[in-house]
Every structure is written in structure tokens, then in C-alpha cells.
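Q: Structure in C-alpha cells, see below.
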Amino acid sequence: MKSIKRICAVIVGLVLLVAGLLKLMDPVGAGLVASEYLKFLGLDFLEPASRFFGVAMALLEAVLGAALITGVWPRLMALGSGILIGGFTLLTLALWIVNPPMDCGCFGEAIHLTHLQTLLKNVVLCVLWIAAFIPFRSIRKPLKVKYVSFAISVLSVILFTIYSIISIPAMDFTSFKPGAMLMQAQKTPSEDSPLLSFCDKDGEYCDELLAGGSWMVVSVYDREELSAADEAEIAGFCAGFNGSVRPLVLLSGGRIDGIEPYTSDRRTLMTLNRSNGGATLISSGTVITKWPRRSYPSPEAVEEILAQDPVEAVMQENAPKRMKLQGFLLYLFAVLLLL
């Protein structure tokens, strides 16, 4: 019986940990999800802090998940996770009843669930939680080494969060992920194809520009957050391309001195590249790879990428990022389960 209860606790912990990590990998996406929930709850005035709330909630999920897996402070963590799961269940029940046009965001961009699927998932977690921790007196104490395991894992998750904030997701699950072909570049576009739509200064749509040739697209979704030095860096980066690669700066509003203005929807730009001012290489309508604003590539490095076959270029540029993420996850689960 105790083994069954322990297995149920570990399953609940794994779900919370994975859900938290997927959102921590993409802090901007977590902020967008939190923003939708704040609007649904009528707390629009808190929207400027939506990214903080999104990251904080994801971090709480990950920490509680790690605690349930290791079994540390069993009564306290059981109570905390029970309150969290119960709150999620009530919230998703409200979402199922009202049925607003929003995604639950439980697993970030990786897995999209309907409101009913989300509710059923939370109900199952509630059942597993009850099986694991009721009655409270049956909860057994962990080995002392598990406190070390928990501390190492939490520190690792915090460092992972910091890295994610200053970078872009190691694994992209958005519609503009590397390898995706834009709708305007396809002869017979499918409904699932992403459309990167933007206008020139006269309000004319220029979507077809990206259907051919190679473009370095710099997307700025929050112009007011950029300093003068940031603007100068973007202008200098774009000025470095005068050959086969053409620069294109997309803004959600405002303008940057010395750059021809093109405008697009803020949500679209945040989906294209999670970094404000990040660069995305697009060749013949295919998204090749992305960089955050703090790590712009040199024009020579970009030419080397484009000299390869597009499919090989996508694999070579993005596979190492995925391998690093997978390595981190394996290390984290090894610490939690084996230490």
C-alpha cells in the first residue's frame, strides 16, 4: 500500500515538474498565458506583471514537483501541492463552463489541451493526490540524502530559469519554429502554416517579400523597452548585411532611426522570436534558426549557414540546442530519482 501511495506522489510530482519546466523554458510564453488568465479573472490591471506571475507560478510548480518526487517535508509539500492542484481544478472548471477563446497553457506551447481535457487532467491529478496523501498520518519520512537531491535540483531549476530569461527557448514549439515554411511561400498553403504578415509605412501589406530570397528578420515587440544603445546595436547589425542576405526590421509600434519601418502585430512578433529585438533567419520562406538580441551572429556566420542545404542547416543549427536541453532534463531526473 505504501508503495502505491509513493508511486502516486511521484506521478503527481513528475506532471508538476514537467509542466513547470516547459513554461520556464519559455518565460515570454508563460507571461502570455498568465496575461490570458488575468484577463479571464478580470485582473487586467495586473497585466504589466504577467511575465513575473507566469514565471513565478511555473517555478512554484517545478519546485513542488521536485519536492513530491524526493519526498522532502512531506506534510508541508503535500498540503502545498494539494492547494495548487485544487485551485487549478476549480479554475479549469470555470474555463470549461465559460469556454473563453484561450489556451490553458498547462504545458506551455508543447502540448495544447482543450478546456475539457485540461479539467479531466486536473481531476485525475486530484485523485492521484488523494491516493498518495490521504490520510496524512500515512505519509512516510524521506531519507536524509533526498534533501540534498532536492536542493541540487531546485538550484538547477533556478539557473535554468535565469538562462531562459536571457536567451530564447532551446526547443521551439511555436508555429514559427525552425523548419516551418511560411504560408506565403507555399503554392498550396495548409491551414496550419504560419503567416508572417506585416505592412510598410504606407500601410501596404508586404507579406510576399519573405517568400523568396534570404532575410534576417529583426522583430521588436516592445519598442519602449529598448535603450538608445539597443537601437544602435540593431541598426549596426542590419547594416552589416549587404549581400545575399537582406535585413528586415519589424516593429509593433514606433520607429528606430535609420531603419525603414515595417509594422506587424505584437503577438505575432512575440511568437516569431521570444527575444525583444531577436533575429530570425528566413530563407525562401523557411525559418532556419533564431538568435536572441544579446547574441547576434556575424554576417560571415550567416553566409556559412546559408551555404548548406536548408534542411541540413535547420538540423545543424538547432539540434545542439535540443541536445543540451535533453541533457539537462536527464541530469535533473537522475538527481531527483537516483540520488
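Q: It is to be established whether one or more residues within segment 128-150 are under 29 Å from the mean Cα position of the chain (by Cα) and under 15 Å from Gly20 (Cβ atoms).
A: yes
Q: In addition: Which residues, taken from segment 176-191, are in contact (Cβ under 8 Å) with a residue 12 or more places away in the chain, part of a loop (DSSP other than H, G, I, E, B) and not small (Gly, Ala, Ser)?
A: Restricting attention to segment 176-191, the residues satisfying the condition of being in contact (Cβ under 8 Å) with a residue 12 or more places away in the chain are 176-186.
If we keep only those that are part of a loop (DSSP other than H, G, I, E, B) as well, we get 176-180, 182, 186.
Phe176, Lys177, Pro178, Leu182, Gln186, listed by residue number.
Q: Scan segment 81-101 for residues that are aliphatic (A, V, I, L, M) and surrounded by fewer than 16 Cβ atoms within 10 Å (Cβ to Cβ) and jot them down.
A: Ile83, Leu90, Leu93, Ala94, Ile97, Val98 - these are the residues of segment 81-101 that are aliphatic (A, V, I, L, M) and surrounded by fewer than 16 Cβ atoms within 10 Å (Cβ to Cβ).
Q: So which pairs qualify, if the first residue must be in segment 5-30 and touching a residue at least 24 places away in the same chain (Cβ under 8 Å) and closer than 12 Å to Leu59 by Cα, the second must be surrounded by 23 or more Cβ atoms within 10 Å (Cβ to Cβ) and among the β-branched types (Val, Ile, Thr), the Cβ gap must be under 7 Å, and the two must be at least 6 apart or on different chains?
A: Leu17/Ile69
Q: Here is a further query. For segment 157-184, which positions are more than 27 Å from Leu281 (Cβ to Cβ) and surrounded by fewer than 17 Cβ atoms within 10 Å (Cβ to Cβ)?
A: Ile158, Leu159
Q: Looking at segment 118-147, which of the residues that are in a helix (DSSP H, G or I) and without any contact (Cβ under 8 Å) to a residue 12 or more places away in the chain is surrounded by the fewest Cβ atoms within 10 Å (Cβ to Cβ)?
A: Across segment 118-147, the extreme among qualifying residues is Arg137.
Q: On to the next question. For segment 305-339, which positions are surrounded by 12 or more Cβ atoms within 10 Å (Cβ to Cβ), assigned by TED's automatic domain parsing to the domain that holds Phe237 and free of Cβ contacts under 8 Å to residues at least 60 places away in the same chain?
A: Matches in segment 305-339: Ile305, Gln308, Pro310, Ala313, Met315, Gln316.
Q: What are the residues in segment 52-75 that are over 26 Å from Ile134 (Cα atoms), surrounded by fewer than 19 Cβ atoms within 10 Å (Cβ to Cβ) and either of a type outside the set (Phe, Trp, Tyr) or over 15 Å from the mean Cα position of the chain (by Cα) (or both), if any?
A: Ala56
Q: Could you go through segment 99-107 and let me know if any residue there is assigned to a helix (DSSP H, G or I), out of contact with any Leu (no Cβ under 7 Å at 6 or more places or on another chain) and assigned by TED's automatic domain parsing to the domain that holds Met25.
A: No: zero hits.
Q: Going by what's in this entry, would Asp26 be described as over 23 Å from Ile158 (Cα atoms) and acidic (Asp, Glu)?
A: In short, no.
Q: Could you please let me know if Ala78 is modelled with pLDDT of 95 or more and buried (at least 18 other Cβ atoms within 10 Å of the Cβ)?
A: Details: modelled with pLDDT of 95 or more: no; buried (at least 18 other Cβ atoms within 10 Å of the Cβ): yes.
No.
This table checks each residue for (1) under 25 Å from Lys146 (Cβ atoms); (2) outside the structural domain of Ser156 (by TED's automatic domain parsing); (3) aliphatic (A, V, I, L, M).
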{"site": "Leu24", "(1), (2), (3)": "yes, no, yes"}
{"site": "Phe40", "(1), (2), (3)": "no, no, no"}
{"site": "Leu43", "(1), (2), (3)": "no, no, yes"}
{"site": "Met57", "(1), (2), (3)": "yes, no, yes"}
{"site": "Trp73", "(1), (2), (3)": "yes, no, no"}
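The values are calculated or read from the model by the stated rules, or taken from the named source; none is laboratory data. All of these numbers come straight from a predicted model, not from anything done at the bench. Every residue, glycine as well, gets a Cβ built from its backbone with ideal geometry; the counts of neighbours run over all protein chains shown.
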